[in-house]
Amino acid sequence: MSDAASTAAFRAARDFLIQHRDDYATARRDFSWPELTEFNWALDWFDVLAAENPDRVALRVVGDDGSDEALTYAQMSARSSQAANWLRGLGVRRGDRILLMLGNVVPLWEVMLAAIKLGAVIIPASTLLAPADLVDRVERGETRHVITDTGQAPKFAGVPGDYTRIAVGDETPEGWTSYAGSRDAPETFEADAVTKAGDPLLMYFTSGTTSKPKLVGHTHASYPAGHLSTMYWIGIQPGDVHLNISSPGWAKHAWSNLFAPWNAGATILIVNQGRFNAAHLLKTIGDCRVSTFCAPPTVWRMLIQADLSGADTSKLRECVAAGEPLNPEVIEQVSRAWNITIRDGFGQTETTAQIGNTPGQELKPGSMGRPLPGYPVVLVEPVSGQPGTDGEICLDLSDKPLGLMTAYLGDPDKDAEAKRGGYYHTGDVATVDDDGYITYVGRTDDVFKASDYRISPFELESVLLEHESVAEAAVVPSPDPVRLAVPKAYVVLAASATPSRELAADILGFCRERVAAYKRIRRIEFADLPKTVSGKIRRVELRAQEDTPRDGRGTTEFWEEDLK
């Protein structure tokens, strides 16, 4: 397939989804993934789009310090070609692995495009990682080059390996090469060879909520073209201004801060904040004329504590949430203030968006939507191993979606386990109704039994989050001599609340009125929640904590029987 043919195939699939953005039935029935044998997204799509829309803003980074930097598609195309030529001069070759650890700064996008043009493999890394994490990534990732900012460079002092060191920022450390040199390179780039669509492009270390991080492999097709499903779910259109709140280094950043908006030909807007400021974020939405907005549930929960009604949302058309399920109370408050319904979605590092509530469609409370175009989603019952209405979310590998990873790299046993029985197993449990709407239940390793009943932590956490004093919550089983286990809630309070016996009784009573007796929360503890560096709650740590014998109870732990 020629470069022109690859571009045409990709464009046809992309245009079909944009044309049917609010016609789910047609999009679901008639969409097919582009058939790509040779494909380099940066050269065959981004640069083509830049030639067609040279003056359209591709990236805008706004800081709470008053900074405001914007690059057009033409400028970004030229800068990424300069970076690619410069990196080639430093010895970066096709197939080399680059560990990229930058914050939300313009060079991040320049290097991503440059690496794609070169055919190099990118290992995204969060700036929150510790040296021990970096040792693992450099070793298992077989890293040949590291690109980070000058403030992060000291973390690599104790990270062994023979790798090129490139620093972004002022005062380049000794032994490192300054990225500023890339600005002297030519603006025209010539590829050294054809990029095969199945060539490796991205290697993601998962956030490791339950075990050592897995290493997920993606190709030049699976994430760049696979994120057509994400573009469709969010509802991004050409010329939109898309704002997504997520940190670099994690897959969601590539989802919504790279591939999905640039697949559509939109502007990526980044709001850099030293510390989260809801008022500033809301003001930026109006000032920058945001069209589509995506944020994790934690951000939405903080936003509703601000004055939503004061925000200028005149240009805002779509709001979505991803990462973890969003509780209905938040959705309702935003809908009242903005007359826009936050639409939920589901996907993983291993895939692009699989399931979602799509634009213009009926929403069912609590549901995260229906399978997205191109994704053969089935729920597999754990006992029979057959499709059903209640079971693990799986993908039918006989109709393998383009957005699915190649493998868990370096771990064939784990990869085989994930793809057993002709399905890719997500590890997430859900139910589906007669209309095809899927409702999330929890992780296969989070669901537990109490008094011989299956308990979904998410179901109880959603109720807890409706209480005005609860900012975040996690529910785990707590050992009980009579019932084997009872649900216990670890709760982070809103800023206006103070831990007390009375508040514990009020929260437990609030939940008791809203859930069946057999699954009510019987214990509560006010405490911070352990999280991965990507922000996901590590319930495995809380479960381990409950299984560890303790002398007595903490001063902020309360049991139902104590409060009667």
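Placing +1 on each Lys and Arg Cβ and -1 on each Asp and Glu Cβ, with no other charges, gives region 1-60 a dipole about its Cα centre of roughly 280 debye.
If you take the square roots of the eigenvalues of the alpha-carbon gyration tensor of region 189-284 and sort them as a ≥ b ≥ c, do you get rounded (a/c under 1.5), prolate (a/b over b/c) or oblate? List each step's numbers first, then the result.
Details: a/c = 2.11, a/b = 1.28, b/c = 1.65.
The shape class here is oblate.
Counting only alpha carbon atoms, the long axis of helix 3-19 and the longest principal axis of the chain meet at about 40°. Each of Trp559, Gln545, Thr532 was scored by the projection of its Cα onto the charge dipole of region 490-564, and the greatest displacement toward the positive side belongs to Thr532; charges sit on the C-beta of Lys, Arg, Asp and Glu.
Heavy-atom accessible area per residue, the chain, 1.4 Å probe: how many Å²? Walk me through the intermediate numbers first.
Numbers: 22560 Å² over 564 residues.
I get 40 Å² per residue for the chain.
For region 231-309, the average shadow cast by the Cα convex hull is 5.2 nm², which is a quarter of the hull's surface.
Given the rule -39500 (n - 2.57) for each run of at least 4 DSSP H residues, summed and divided by the residues of the chain, what is its mean residue ellipticity at 222 nm, to the nearest 500 deg cm²/dmol? Numbers along the way, then the final one.
On the way: 16 runs with 150 residues, N = 564.
Estimated from H runs of four or more residues: -7500 deg cm²/dmol.
For the chain, what % of the accessible area comes from carbon and sulfur atoms, probe 1.4 Å? Don't jump to the answer; show the numbers that get you there.
Values: 10790 of 22560 Å².
So the carbon and sulfur contribution to the accessible surface is 48 percent.
Across the cross-link table entries Lys400/Lys531; Lys364/Lys400; Lys488/Lys531, which are compared at the Cα atoms, the separations over 25 Å belong to Lys400/Lys531; Lys364/Lys400. Compared with the dominant Cα axis of the chain, that is its longest principal axis, helix 278-287 is turned about 40°. Farthest toward the positive end of the dipole of region 455-564, out of Cys511, Pro477, Leu465, is the Cα of Pro477, where the dipole comes from beta carbon charges about the Cα centre. Between the Cα long axis of helix 328-338 and the first principal axis of the chain there is an angle of about 60°, rounded to the nearest 10. Quick check on region 1-78: take the gyration tensor over C-alpha atoms, sort the square-rooted eigenvalues as a ≥ b ≥ c, and tell me if it's rounded (a/c under 1.5), prolate or oblate. Oblate. Calculation over all alpha carbon pairs of region 355-450 in 10 angstrom steps from 0 returns a P(r) of 15, 45, 32, 7, 0 percent. Applying both filters, DSSP loop and at most 10 other Cβ atoms within 10 Å, to the GluC sites (Glu not before Pro) of region 348-419 gives Glu362.
Report the one residue of Ala74, Leu36, Ala50 whose Cα lies farthest in the direction of the positive end of the charge dipole of region 29-116 (charges on C-beta: Lys and Arg +1, Asp and Glu -1; origin at the Cα centre). Result: Leu36, furthest along the dipole toward the positive end. Note on Lys283: lysines with a C-alpha under 28 Å away, same-chain residues under 8 apart excluded, are Lys252, Lys315, Lys536.
Compute the signed sum of charges (Lys and Arg +1, Asp and Glu -1) over the other residues within less than 12 Å, Cβ to Cβ, of Gly151. Mind showing how you got there, number by number?
Details: positive: Lys155; negative: Asp149, Asp170, Glu171.
Charge balance near Gly151 sits at -2.
If you place +1 on the Cβ of every Lys and Arg, -1 on the Cβ of every Asp and Glu, and leave all else neutral, what size is the dipole of region 472-564 about its Cα centre, to the nearest 20 Debye? Before the final figure, lay out each step's value.
Numbers: 17 positive and 15 negative charges, 77 e Å.
Approximately 380 debye in magnitude.
Express the relative contact order of the chain as a whole percentage, based on alpha carbon pairs under 8 Å and six or more residues apart in sequence.
Values: 1157 pairs, mean separation 63.5, N = 564.
With pairs under 8 Å counted, the relative contact order is 11 percent.
As a test, work out the antiparallel percent of DSSP beta bridges whose residues both lie in the chain, rounded to the nearest 5. Intermediate results must be reported in sequence, preceding the final value.
Values: 53 of 90 bridges.
Of those bridges, close to 60 percent are antiparallel.
Treating each Cα of region 300-417 as an identical point scatterer and ignoring solvent, apply the Debye formula and state log10 I(q)/I(0) at q = 0.19, 0.23 Å⁻¹. Debye output, listed in q order: -1.07, -1.35. Its Cα gyration tensor gives region 1-46 an equivalent ellipsoid. The semi-axes, each the square root of 5 times an eigenvalue, are 23, 10, 7 Å from largest down. Charge dipole (Cα centre; +1 on Lys/Arg Cβ, -1 on Asp/Glu Cβ; no other charges) of the chain amounts to roughly 320 debye.
Within the chain, the proportion of C-alpha pairs whose separation exceeds 47 Å stands at 11%. Apply the Debye scattering formula to region 122-215, with a single equal point scatterer on each alpha-carbon and no solvent, then give log10 I(q)/I(0) at q = 0.16, 0.24 Å⁻¹. Debye intensities relative to I(0), on a log10 scale: -0.81, -1.28. Couplings 3J(HN,Hα) for region 464-472, derived from phi with the Karplus relation 6.51 cos²θ - 1.76 cosθ + 1.60 (θ = phi - 60°), are 4, 5, 7, 6, 5, 8, 9, 8, 9 Hz, where x marks Gly and Pro.
Could you tell me which trypsin sites (Lys or Arg not before Pro) in region 1-46 are loop residues by DSSP with no more than 13 other beta carbons within 10 angstrom of their beta carbon?
Numbers: sites: Arg11, Arg14, Arg21, Arg28, Arg29; in loops: Arg21.
Of the trypsin sites (Lys or Arg not before Pro), not one in the loops of region 1-46 has a Cβ with at most 13 other Cβ atoms within 10 Å.
For region 220-274, the share of alpha carbon pairs falling in successive 5 Å distance bins from zero is 5, 22, 32, 24, 13, 4, 1 percent. Stokes-Einstein, applied to the Kirkwood radius of region 31-155 over Cα pairs at a viscosity of 0.890 mPa s and 25 °C, places its translational diffusion at 154 µm² s⁻¹. Between amide H atoms placed 1.01 Å from N, distances below 5 Å from Thr267 occur with Gly239, Asp240, Val241, His242, all of them 5 or more places distant or on a separate chain. Counting Lys +1, Arg +1, Asp -1, Glu -1, what net charge surrounds Leu99 among other residues with beta carbon under 14 Å of its beta carbon? Neighbour charge sum, excluding Leu99 itself: -1. Centre-to-centre separation between the Cα atoms of region 222-255 and those of region 333-347: 17 Å.
The values are calculated or read from the model by the stated rules, or taken from the named source; none is laboratory data. In this text, all values refer to a predicted model and were calculated from it rather than measured experimentally. As a convention, Cβ positions derive from the backbone with ideal geometry for all residues, glycine included, and neighbour counts pool all protein chains shown. Only protein heavy atoms, including side chains, enter the accessible area calculation; ligands, DNA and RNA are left aside. Shrake-Rupley method; radii C 1.70, N 1.55, O 1.52, S 1.80 Å.
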